[in-house]
Amino acid sequence: MRKSRRGGTNRRRRHVTGRGHAAGAGGGRAGDAGHDPAVITASARRAPGPIGMVVLMLLWGGAFLVPIPLSVPGIRLAAGAVGTPGTLTVDVCEPLGRNRYDCEGTFVPDGGGRAVPVSAPPHLEVGDEIPAQLTPEGDRAAQAGPRGVLGSLILPFLCVGGLGFLPYVILYSTSRATRRHLRTAAIAGWALTAVSAAGITTGLVAVYST
């Protein structure tokens with residue numbers, strides 16, 4: 001009787017112990033499967049792959065590189081490299097909404113000739129008389145001289161600021177960049193941003209102080 005009781009007790013203890021070990025092992029697996037892989041998968045989905053990074057960099061660069069050559073004709077016109085020099089008098093400005101205006105004026109060539117009705121810069125006011133440059137097409141007059149040149153450089157300076165930190169982002173996304181490379185790119189980015197801010201501010205002051 002005593003032996004059978006002891007044997008039954010031992011069997012019950014082994015059964016409980018075995019279930020405890022199985023539950024502990026199962027809990028460990030459930031914890032591993034429900035924590036680390038999910039976090040790794042979620043973080044991997046948030047970061048774009050190599051192709052995605054290339055597409056983003058191309059879009060970023062293109063958005064700020066394309067407007068620079070498109071600004072060259074306006075810069076050449078304001079500098080007097082093309083067109084006809086003369087004087088522009090603003091006759092009327094019609095509001096278009098959201099602080100936008102459509103201005104018209106009269107252009108008189110410096111070399112003499114008849115007055116020409118033209119489209120005027122929208123930042124001017126009725127009655128303003130400024131030195132201007134008539135486009136070769138003869139339908140628009142732009143502000144000429146140093147103020148006109150500085151005003152036409154606002155968009156290129158803005159693009160320079162937008163491109164300032166592009167090299168840093170490209171280096172940061174690669175595995176070969178060192179801390180020295182990143183530090184140099186960051187300094188260059190801040191320098192280009194400062195130049196951009198100074199150029200934009202100077203151009204706005206030159207345009208709106210007319």
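The values are calculated or read from the model by the stated rules, or taken from the named source; none is laboratory data. Note that the structure is predicted; figures quoted are calculated from it, not measured. Note that each Cβ is placed from the backbone with ideal geometry, even for glycine, and that neighbours are counted across all protein chains shown.
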Could you tell me whether G138 is modelled with pLDDT of 95 or more and either assigned by TED's automatic domain parsing to the domain that holds S119 or surrounded by 15 or more Cβ atoms within 10 Å (Cβ to Cβ) (or both)? no
Starting from the stretch 83-111, take each residue that is free of Cβ contacts under 8 Å to residues at least 40 places away in the same chain and list its partners that are surrounded by 12 or more Cβ atoms within 10 Å (Cβ to Cβ) and of a type in the set (F, W, Y), counting only C-beta distances under 9 angstrom and pairs at least six apart or across chains. C93/Y101; E94/Y101; P95/Y101
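To keep it simple, each residue is scored yes or no on (1) in contact with a Leu (Cβ under 6 Å, 6 or more places away or on another chain); (2) polar (S, T, N, Q); (3) outside any helix (DSSP H, G or I).
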| site | (1), (2), (3) |
| --- | --- |
| D91 | no, no, yes |
| C103 | yes, no, yes |
| F107 | yes, no, yes |
| L124 | no, no, yes |
| A132 | yes, no, yes |
| F157 | no, no, no |
| V169 | no, no, no |
| R176 | no, no, yes |
Take P121 and decide whether it is closer than 25 Å to V205 by Cβ, loosely packed, with under 14 Cβ neighbours inside 10 Å and within 34 Å of the chain's Cα centre (by Cα). no
